[in-house]
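Heads up: the structure comes next, in structure tokens.
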Amino acid sequence: MGALQDIGNLLVQTFFQLFLLALMLRLLLQLTRADFYNPISQFLVKVTSPIVNPLRRVIPGFGGVDLATIVLILITQVLATSLLIFISGYSLPNPLSLLLWAVLGSVGLLVNIYFFAILASIIISWVAPGSYNPAIILLHQLTEPVMKPFREIIPPIGGLDLSPIFVFLVINMLQIILSHLGAAVMLPPRFVIGI
């Protein structure tokens, strides 16, 4: 039964990681006002709209923030965690713990997305500077709101942009805080996506 549990965990984690990534990217691209007509944006909208749009009828947006997508991210996190716990043969914790774990997992996923997006944008700036690939343009639109405040504080030195170092420092501090918060609420990292 151990191999079947491992396969079940793998399939559930993979499906929910991809779906949560699509939801989170959709939300972030809306918040950063990225190009809606970019093919990747269009793909994310098509993949997530069948579930997000009905929820939008019940939960309207507020101040330019798509609350329906945020609620769906949390529901998906709770469902994924519940399924992973169930497949592993453990009993489900109380709903408040599941909700706290979902919030921490979602914030962890957000931090991880920005970590890898900024890392990718740094590598691309070395390998293919000035490229106009739709993915690169979207990556720039996603990371620029985070990078801009640091660039204003830390100007380039001899053409070298040092601001990503400080962004990574902040990201690492956030990961430490999330780790300690997770330990405080007894979050099981292997059952929560994003941590």
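Filtering region 36-57 down to residues that are without any contact (Cβ under 8 Å) to a residue 24 or more places away in the chain and within 17 Å of the chain's Cα centre (by Cα), which residue is surrounded by the fewest Cβ atoms within 10 Å (Cβ to Cβ)? Write out each step before concluding.
Of region 36-57, the ones without any contact (Cβ under 8 Å) to a residue 24 or more places away in the chain are 36-37, 42-46, 49-51, 53-57.
If we keep only those that are within 17 Å of the chain's Cα centre (by Cα) too, we end up with 43-45.
Details: PHE43: 13, LEU44: 22, VAL45: 16.
In this case the residue turns out to be PHE43.
Filtered by the rule that a residue be under 15 Å from PHE115 (Cα atoms) and either surrounded by fewer than 15 Cβ atoms within 10 Å (Cβ to Cβ) or at pLDDT below 90 (or both), region 130-147 gives GLU144, PRO145. Every condition in (1) over 26 Å from THR76 (Cβ atoms); (2) in a helix (DSSP H, G or I) is met by ILE113 except one, and the failing one is (1). Of all the numbered requirements in (1) within 29 Å of PRO164 (Cα to Cα); (2) loosely packed, with under 15 Cβ neighbours inside 10 Å; (3) under 21 Å from the mean Cα position of the chain (by Cα); (4) among the hydrophobic types (A, V, I, L, M, F, W, C), PHE115 misses one, and that requirement is (2).
Considering SER91, SER41, the condition of being in contact with a helix residue (DSSP H, G or I) (Cβ under 6 Å, 6 or more places away or on another chain) and either outside any helix (DSSP H, G or I) or modelled with pLDDT of 90 or more (or both) is satisfied by SER41 alone.
Of all residues in region 167-182, none are of a type in the set (Gly, Ala, Ser) and modelled with pLDDT under 85. Of the candidates LEU72, LEU21, LEU83, LEU27, the single residue that is on the phi < 0 side of the Ramachandran plot, in contact (Cβ under 8 Å) with a residue 12 or more places away in the chain, of a type in the set (A, V, I, L, M, F, W, C) and in contact with a strand residue (DSSP E or B) (Cβ under 9 Å, 6 or more places away or on another chain) is LEU27.
The values are calculated or read from the model by the stated rules, or taken from the named source; none is laboratory data. Note that the structure is predicted; figures quoted are calculated from it, not measured. Cβ atoms come from the backbone with ideal geometry, glycine included; neighbour counts cover every protein chain shown.
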